[in-house]
Amino acid sequence: MSILLEQVSKGYASNQAVVNNLSLEIETGELFVLLGASGSGKSTLLRLIAGLLPLDKGRIWLHGREVTNLSPQQRNTGFVFQSYSLFRHMTVAQNIAFGLSIKRAGRAEQDARVKELLNLIQMEGLGDRMPHQLSGGQQQRVALARALAPEPEVLLLDEPFGALDAKIRVQLRQTLREIQRRLHVTTILVTHDQDEAFELADRIGIIEKGDLLEIGTPGELYRRPRNRFTATFLGSANLLPAHRNSHHIFVGEARLPAPPDSEHLQDQPVEILFRPEEISLAPTAETPSETVIGRGVVQEATFAGPLERVLLKLNRESNGEKAQLLQALLSPSEAQQLGIKPGQEVWVGLKNYHLLARVS
């Protein structure tokens, strides 16, 4: 175990907990992403691990060593901020070597490490440049190299790509993942960007109002979340009230096979979750090979890059319930074949679905 947090809490003057009795275990070499909205407590938690903020309660271990009361310098962590925070009066090489100079490493060791890291971040030959001569992406690469130079046991990244444009963010995410895998350094990355989390994470922790709600791989949290917040926070979610008996789910007048992993929800009110790409549309009820849940009316169809986004109103009035708006994603060929347009009636089928306990 590389990182262990035990009932960690932190609050401020308002007496509101920013991090609330949070426990977490992260494996050695894992890239763990803390994903949450602004103000959820994710950056505060990162600073608690680094020792930049004191705990109110709880304990922290890094690589089997309790560091709860140790200074940041004693924790052997590397920290990368969103704002780069390079020393403006130092060259690239001097910035990278800064942590090594604090540790009083010899000149030969510093030079060798700087050369190695410049190669690792694909900036060979740029060691003599000043920060103002670099692009934003290059500056963030240097900040990453500076954090890695003292060979930290834990790397902490606080929204490291937030100030960069979309294309550079994608490039740097790939660079970070390659470096992290090569060095096998345990890493926590804080972000509010779902695409970033999905692309980088071995596991994701969903944090909201200081509580760690759920942990899982990107695929687990997207396809089989355990709570409603995760389902709606990650991507677009369609949710319908339903009821499960021993073998089936009843959604309005439709009856669907109960998923095998939902036995614990038997004879309970539930919500059925399905993503926009898990909907299929057809002109008749007999056409979809997937389970049909009812008839819908197209409200609008919009271009969404490689897909067409379709907003539907699911007609449930025959069951005494209000019509429900659903989002579907279709390939251009599917949309063209169906001739999708506002006002069109279609039958709605599901390719896949998941059940959640319904919260009253």
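Looking at (1) in a loop (DSSP other than H, G, I, E, B); (2) within 30 Å of Val8 (Cα to Cα), which is the one condition that is false for Gly127?
Evaluating Gly127 over (1) in a loop (DSSP other than H, G, I, E, B); (2) within 30 Å of Val8 (Cα to Cα) leaves (2) as the failure.
Looking only at the range 331-360, which residues are within 26 Å of the chain's Cα centre (by Cα) and either modelled with pLDDT of 95 or more or within 22 Å of Phe250 (Cβ to Cβ) (or both)?
Across the range 331-360, the qualifying residues are Leu350, Lys351, Asn352, Tyr353, His354, Leu355, Leu356, Ala357, Arg358, Val359.
Pull out all pairs, ordered by first then second residue, where Cβ-Cβ is under 6 Å, the residues are six or more apart or on different chains, the first lies in the range 193-216 and is assigned by TED's automatic domain parsing to the domain that holds Ala37, and the second is among the aromatic types (Phe, Trp, Tyr) and assigned to a strand (DSSP E or B).
Arg203/Phe32
Just to be sure, is Gly235 part of a helix (DSSP H, G or I), of a type in the set (Gly, Ala, Ser) and surrounded by fewer than 20 Cβ atoms within 10 Å (Cβ to Cβ)?
No.
From (1) closer than 15 Å to Val359 by Cβ; (2) in contact with a Pro (Cβ under 8 Å, 6 or more places away or on another chain); (3) at pLDDT 90 or above, pick out the condition that doesn't hold for Ser236.
Checking Ser236 against (1) closer than 15 Å to Val359 by Cβ; (2) in contact with a Pro (Cβ under 8 Å, 6 or more places away or on another chain); (3) at pLDDT 90 or above, the one that fails is (1).
Is there a residue being surrounded by 16 or more Cβ atoms within 10 Å (Cβ to Cβ) and not in a strand (DSSP E or B) anywhere in the range 15-37?
So far as the range 15-37 goes, yes, one or more of its residues are surrounded by 16 or more Cβ atoms within 10 Å (Cβ to Cβ) and not in a strand (DSSP E or B).
Could you check the range 133-229 for strands (runs of 3 or more DSSP E) lying wholly inside it with 2 or more residues that are modelled with pLDDT of 95 or more and over 19 Å from the mean Cα position of the chain (by Cα)?
Result: empty, no element qualifies.
Going residue by residue through the range 149-163, is there one that turns out to be surrounded by 20 or more Cβ atoms within 10 Å (Cβ to Cβ), more than 25 Å from Leu45 (Cβ to Cβ) and assigned by TED's automatic domain parsing to the domain that holds Gly36?
no
The values are calculated or read from the model by the stated rules, or taken from the named source; none is laboratory data. Source: prediction; values computed, not measured. Neighbour counts are summed over all protein chains in view; Cβ atoms, including those assigned to glycine, are modelled from backbone coordinates with ideal geometry.
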